[in-house]
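Chemist: First the structure, which I've put down as structure tokens, then a few questions once you've had a look.
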Amino acid sequence: MESSQEWPDAGPVVRPYAMTSGRTTPVRGAFDLISIVMATRPPEPDDDGLQPELAQILRLSRQPVSVAELAAELDLPAGTVMVLLGDLLAQQLIVTRSPTPARGVASRPVLEAVINGLSG
């Protein structure tokens, strides 16, 4: 077996932990996949210190968008996107809205009707 193997051309690969400096939790905010994100302003030319991924998130979130949609569009793990969103939130470059839990619990008769409807 040769000591030097040919690796397929994978193109530039940036590990998600490099984008987040090894962090696995956001510095600010609590996000889930259906949290809605919206930029407070578009990226500006004088945003020299802004990572390319952060600028891209700002561009993608000009309109309300979910964390899951951002992760898919950026082709990044959702956890990485959440850490990056925490950075943007700390800089007040985004606002977020988390889903609210449903109010009240369905009554037993309603649940039984749903089960009967599904099994019938």
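Chemist: What distance in nm separates the two pseudo spin-label positions at VAL114 and ALA55, each 7 Å out from Cα along the beta-carbon direction?
Modeler: 4.7
Chemist: Given contacts defined as C-alpha pairs under 8 Å and at least six residues apart, what's the relative contact order of the range 16-101, whole-number percent?
Modeler: Reported as a whole number, the value is 47 percent.
Chemist: Here's another thing I want to ask about it. Would you mind ranking THR40, THR80 so that the residue whose beta carbon has the fewest other beta carbons within 10 Å leads the list? Mind showing how you got there, number by number?
Modeler: Working: THR40 13, THR80 20.
By the 10 Å Cβ count, ascending, the order reads THR40, THR80.
Chemist: Placing +1 on the Cβ of each Lys and Arg and -1 on the Cβ of each Asp and Glu in the range 16-101, which of THR20, THR96, ALA68 has its Cα farthest towards the positive end of the resulting dipole?
Modeler: Of the options given, the answer is THR96.
Chemist: Let me ask another. Which ordering of ASP32, ASP87 is given by a fewest-first count of other beta-carbon atoms within 10 Å?
Modeler: So the residues, fewest neighbours to most, are ASP32, ASP87.
Chemist: Give me SER61, SER35 sorted ascending by neighbouring Cβ count inside 10 Å, so fewest comes first.
Modeler: Least to most surrounded, the residues fall as SER35, SER61.
Chemist: Now for a separate question. Run the numbers for GLN91 and ARG23: contour at 0.36 nm per residue of separation, minus the present Cα-Cα distance, in nm.
Modeler: 22.8 nm
Every read-out reported here was derived from the displayed coordinates using simple, explicitly stated rules and does not represent laboratory data. Predicted model only: the values in this text are computed from it and were never measured. A quick note on method: Cβ atoms are made from the backbone with ideal geometry, for glycine too, and the neighbour counts reach across all protein chains shown.
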